[in-house]
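Asker: Take a look at this one; I'll ask things after.
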Amino acid sequence: MTFQPVLPLSGYTGWGFLKRTIDRQQAVQQALPVQQRDEAYFRQKIGGINTAAELVSDRRLLRVTLTAFGLEGDLNNRAFIQKILEGGTLTTGSLANRLADKQYQKLSAAFGFGDFSVPRTKISTFPDEILTRFRYRSFETAVGAQNNTYRLGLNAERELPELAARSISESAKWYTLLGNPPMREVIQTALGLPRSFASIDLDQQVQVLKDRTRQAFGSDTVSQFAEPARMEALIRRFVLRADLQAQGEGNSSAAIALQLLRR
């Protein structure tokens, strides 16, 4: 049985419904036999995995693993994932560190195959660490099958405050955000930037984002989104603008709401 979240409404009203019911809906998904079987299999098998090659050779373990990091599209790219895992993250030139999408870096760091003589799969808390990610991501994927805007919003609510709280420079935070495709789409849409924005010089992108963010929120920092109120304001702008794009530039409820936000 495939889980289908209940999303009876669209736009920002639908987002509000999803947020009010999300705990109950996640509980329903996690209680499904297929979900419980996947989790039980992961718990049973992951402690016996010693190498990246062993992990990628077990398709079921690999599917849970990749889903936990939003990389399920790479399920058939086993050689690529093995190289990322074996390269680790402690070497500057490793593949995981070179790739723009930092989810690969998170994946490699989480397992530690390329960084430590004993991988992190041997840690007693490791299954819970990965399965917590798996539950969130599985739910977001199910939501995205019906409404990708909501999936992006849920992802940003989880990922952006984590980035905002990191002890790195603001410039590094902006570059990291641009290297995360889902977060990039949220911020670009919220700030009214076209998809073609991604084609301009990277340093110029950062400056434009800072300027637009200052105009919209009064600060040009990523760090401000560690504050729940700022994060909520960003998601509101994103969902309204995404709805406006879907409906066209007419007198939709989203267009009216955006006009109110600008006042």
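Asker: Is one or more of the residues making up the stretch 111-124 within 18 Å of the chain's Cα centre (by Cα) and not hydrophobic (A, V, I, L, M, F, W, C)? Walk me through how you get there before you give the answer.
Answerer: Kept after step one, since they are within 18 Å of the chain's Cα centre (by Cα), are these residues of the stretch 111-124: none.
The answer is no, given that none of the residues of the stretch 111-124 is within 18 Å of the chain's Cα centre (by Cα) and not hydrophobic (A, V, I, L, M, F, W, C).
Asker: If the requirement is being more than 21 Å from the chain's Cα centre (by Cα), of a type in the set (A, V, I, L, M) and closer than 30 Å to ALA109 by Cβ, which of these qualifies: VAL34, VAL64? Can you show your working first?
Answerer: Numbers: VAL64 fails: more than 21 Å from the chain's Cα centre (by Cα).
Exactly one residue qualifies, and that residue is VAL34.
Asker: To continue, here is another question. Among the residues of the stretch 1-31, count how many are in contact (Cβ under 8 Å) with a residue 24 or more places away in the chain and more than 23 Å from the chain's Cα centre (by Cα).
Answerer: 1
Asker: It is to be established whether one or more residues within the stretch 37-60 are in contact (Cβ under 8 Å) with a residue 60 or more places away in the chain, within 20 Å of the chain's Cα centre (by Cα) and in the same structural domain as GLY114 (by TED's automatic domain parsing).
Answerer: no
Asker: Criterion first (in the same structural domain as MET231 (by TED's automatic domain parsing), surrounded by 13 or more Cβ atoms within 10 Å (Cβ to Cβ) and within 16 Å of VAL239 (Cα to Cα)) does LEU193 satisfy it? Can you show your working first?
Answerer: Details: in the same structural domain as MET231 (by TED's automatic domain parsing): yes; surrounded by 13 or more Cβ atoms within 10 Å (Cβ to Cβ): yes; within 16 Å of VAL239 (Cα to Cα): yes.
The answer is yes for LEU193.
Asker: Which helices (runs of 4 or more DSSP H) sit wholly inside the stretch 183-263 and have at least 1 residues that are of a type outside the set (Val, Ile, Thr), modelled with pLDDT of 95 or more and out of contact with any Pro (no Cβ under 9 Å at 6 or more places or on another chain)? Give the derivation first.
Answerer: On the way: elements: 202-217, 228-247, 253-262.
Counting at least 1 such residues, we get 202-217, 228-247.
The values are calculated or read from the model by the stated rules, or taken from the named source; none is laboratory data. Nothing here was measured: the structure is a model prediction, and the numbers come from that model. No Cβ is skipped: glycine too gets one built from the backbone with ideal geometry, and neighbour counts run over all protein chains shown.
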